[in-house]
Amino acid sequence: MSADLDIILKKYKSGKREDLIPLLQEIQEYVGYLSEEAIVKVGSFLGLSTTKIYGLATFYDRFRFIPNGKIRIIICNGTSCFLNGSQSNIDKIREETGIQPGQTTRDGNFSYEIVSCMGGCHNGPVINVNGEFHTHIKAEQLPELIRKLKYVIEND
Ligand code: FES
């Protein structure tokens, strides 16, 4: 991961503090989360303390500090999906996984997050599982989906 971080850092100018948020975003997009190593490196690159970086990053709920699960579920809760019942999907995923959005299950198998639109509003509610879109999803379909995904992980 260190090499990946170095490549990303090369695109930015050392000491330019206004680059902090775009830099953290880019690291998260590339690596999937902000590790302690990444925070320390960014701190010394921009001349900021790790405390300051954690303070700023935790202010934005889009940043993650733990790796995603093997199965990463993204649930849309944008207006259109919400009107079609996305809240029930969120409740069901929470119930099935036992975690909150942005967390990862202890076994590292599942994580999920909520976004405001995935561009498929006419097919909502929409969820995305490891890059694959599922449309018109209803809460009652989710336990079966989670069971299948668990089976895939356990037999991989
Ligand atoms: S609101 Fe869910 S895809 Fe647009």
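Looking only at residues of the stretch 76-118 that are out of contact with any strand residue (DSSP E or B) (no Cβ under 9 Å at 6 or more places or on another chain) and near the ligand (Cβ under 7 Å from one of its atoms), we find that the one that is farthest from His134 (Cα to Cα) is Thr79. Only one entry of Ile53, Ile8, Ile90 meets the criterion of being open to solvent by less than 20 Å² (accessible area, probe 1.4 Å), without any contact (Cβ under 8 Å) to a residue 24 or more places away in the chain, β-branched (Val, Ile, Thr) and not in a loop (DSSP other than H, G, I, E, B), and that entry is Ile8. Whether a residue is modelled with pLDDT of 95 or more, open to solvent by less than 10 Å² (accessible area, probe 1.4 Å), of a type outside the set (Gly, Ala, Ser) and in the same structural domain as Ile137 (by TED's automatic domain parsing) was assessed, and Val42 does not pass this test.
Looking at (1) part of a loop (DSSP other than H, G, I, E, B); (2) within 12 Å of the ligand (Cβ to nearest atom); (3) open to solvent by 50 Å² or more (accessible area, probe 1.4 Å), which one does His122 not meet, given that it meets all the others? Here His122 clears every test but (1).
The values are calculated or read from the model by the stated rules, or taken from the named source; none is laboratory data. Here the structure is a predicted model, which means the values were calculated and not measured. Methodologically, a virtual Cβ is constructed for each residue, glycine included, from the backbone with ideal geometry; neighbour enumeration extends over all protein chains shown. Keep in mind that these areas ignore ligands, DNA and RNA; they rest on the heavy atoms of the full protein, side chains included. Shrake-Rupley method; radii C 1.70, N 1.55, O 1.52, S 1.80 Å.
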